[in-house]
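Only one structure is covered here, and it is reproduced in the block below.
Nothing in this text is a laboratory measurement; each read-out follows from the coordinates by a stated rule. Quick caveat: nothing in here was measured; it's all calculated off a predicted structure. Positions of Cβ are backbone-derived with ideal geometry, glycine not excepted, and every protein chain shown enters the neighbour counts.
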Amino acid sequence: MYAVVDIEATGGNHVKGRIIEIAIILFDGEKIVSEYSTLINPEVKIDWYVTKLTGIKNDMVADAPLFKDVAEEILNLTKGNIFVAHDVDFDYKFLKAELKKVGLPFKEPKVCTLTLSKKHLPDAESYSLGKLCEEMGIPIPKEVRHRAAGDAVATAKLLGLLLSKND
């Protein structure tokens, strides 16, 4: 089973940044089995650029759960699954850092759809998630682009297409 993850963060990197939204799509290689998504109160201000990119504003996360309140649920959804993301190290490092802050270890195998795309789609015009999905006919409605749930679903669908190229 694949745990396809997308994270939106306050900006910066996993050392200084904080998660503001996470989506986890459990994907069996052919279909989406379950979906989880939540905003997270980062307890710090969201960078203006992040708000411009994602549409997530400080008032939207003010009453959202703290990471520590959803950490075990997130860990349970990813544990024992292959962790997948587009540019996997970004999402993996953010999640690992946040889990470490609440005393939860995290070490799962990972797969990167960006790397797989470069291997299986060598002639792609661009390897950004949006451009790849457009090229592959995977719709990402504009209102959910750069939001965790929309990007995670798109990544799961892209993964399915890439896995079919291994056959």
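Please compare each pair in K68/K157; K57/K110; K107/K131; K45/K68; K100/K157; K31/K107 to a cut-off of 28 Å on the Cα-Cα distance and tell me which ones are over it.
K68/K157; K57/K110; K107/K131; K100/K157
Within the stretch 49-126, which GluC sites (Glu not before Pro) sit in a loop by DSSP and count at most 15 neighbouring Cβ atoms inside 10 Å?
Answer in residue order: E125.
Angle, helix 88-101 long axis vs. longest principal axis of the chain, Cα atoms, 0 to 90°, nearest 10?
Tilt of helix 88-101: around 30 degrees.
Give the order of F106, F94, F27 when sorted by the count of other beta carbons within 10 angstrom, beginning with the fewest. Before the final figure, lay out the partial values.
Numbers: F106 17, F94 22, F27 26.
Arranged by neighbour count, lowest to highest, F106, F94, F27 become F106, F94, F27.
Which one, T54, T155, T78, has the greatest fluctuation when you compute a Gaussian network model over the chain with C-alpha springs under 10 angstrom?
T54
Starting from the Cα gyration tensor of the stretch 19-73, take the square roots of the eigenvalues, sort them a ≥ b ≥ c, and report rounded, prolate or oblate (rounded when a/c is under 1.5, otherwise prolate if a/b is larger than b/c, else oblate).
oblate
Classify the stretch 1-93 as rounded, prolate or oblate from the Cα gyration tensor: take a ≥ b ≥ c as the square roots of its eigenvalues, call it rounded if a/c is under 1.5, otherwise prolate when a/b beats b/c and oblate if not.
Numbers: a/c = 1.96, a/b = 1.70, b/c = 1.15.
The shape class here is prolate.
Can you tell me which of P122, P65, P139 moves the most in a GNM of the chain? Springs connect C-alpha atoms under 10 Å apart.
P122
Rounded to the nearest 5, what is the percent of antiparallel bridges among the DSSP beta bridges in the chain?
Values: 15 of 22 bridges.
Taking every DSSP beta bridge within the chain, about 70 percent pair in antiparallel fashion.
Classify the stretch 74-167 as rounded, prolate or oblate from the Cα gyration tensor: take a ≥ b ≥ c as the square roots of its eigenvalues, call it rounded if a/c is under 1.5, otherwise prolate when a/b beats b/c and oblate if not.
In terms of gyration-tensor shape, prolate.
Please list, ordered by chain and number, the residues whose modelled amide H lies under 5 Å from the amide H of I32; skip anything fewer than 5 residues away on the same chain.
none
So if I take the centroid of the Cα atoms in the stretch 1-77 and the same for the stretch 97-119, what is the distance between those two points in Å?
Comparing the Cα centres of the stretch 1-77 and the stretch 97-119, I get a distance of 14 Å.
Percent relative contact order of the chain, based on C-alpha pairs within less than 8 angstrom and at least six residues apart?
Working: 291 pairs, mean separation 44.1, N = 167.
Relative contact order here is 26 percent.
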